[in-house]
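Structure first, commentary second.
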Amino acid sequence: MRFLRFFPLLLLPIACSNPKATRTQEPALASDTAAAEPLDTARAAKVTAQSDTLKVVRRRHPFSSPSVPDLFMLALRGPNLLSGEATFTITDAGGQVIFREVLTAADLEAALVYEMKGNTASQAEREAFVRRRMDEFFADKNFHRPALTAKDTYPGGSLDRTTWDDLQRRPDAIGFDYLVGKEDRRRIAWSPLKKQVIKLPSSGG
């Protein structure tokens, strides 16, 4: 009987030495739970919009308003002139970006093939052509008033007839066209009816 009285006391050290009986939950180590490092928004980026900007062309011209000019801008960013991306934006007088399109450097360079005298062009010639294309991107010849003439016929497609007819009735509407690649000449205009930039039927280069 005396042995049974002291038996629970003998079990006490065993229980205290058992990790399963006394272990409390410890905070997990970062190496155990962190599958991927979260984005560090406080860390400076290796490449910024300023540091990798190669060339910027700006032009103010009436577009969304016949009397107040918008800001047309083409900014080429990237490691070099031949492998960057050119962002084409139009910003109205109130600071609202009303149009944005991203072009590749290849889109700007492609038409060089029509000016080459041989089968290949040097890197310097290719870079010079990209610079010239950017300088001429907002040339006067690319702006048209009216955006649609009476001779232009409705092409159907994604542009609805009501928007087309409204734009065609506006002699002060301004259109803008620009070349992408070798022969893709794109046309855009501001639609007062829709209050947004619309794409007009493309034409050859």
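The values are calculated or read from the model by the stated rules, or taken from the named source; none is laboratory data. These numbers were taken from a predicted model, which means no experiment stands behind them. Methodologically, a virtual Cβ is constructed for each residue, glycine included, from the backbone with ideal geometry; neighbour enumeration extends over all protein chains shown. The protein model used for the area step is the full one, side chains on, heavy atoms only, and it has no ligands, DNA or RNA in it. Shrake-Rupley method; radii C 1.70, N 1.55, O 1.52, S 1.80 Å.
Centre-to-centre separation between the Cα atoms of the range 77-138 and those of the range 164-198: 21 Å.
Surface composition of the range 86-170: carbon plus sulfur atoms hold 46% of the accessible area, using a 1.4 angstrom probe and ignoring ligands, DNA and RNA. Give me the net charge of THR163's neighbourhood, meaning all other residues with Cβ under 12 Å from the Cβ of THR163; Lys, Arg count +1, Asp, Glu -1. Counting the neighbours of THR163, the net charge comes to +3.
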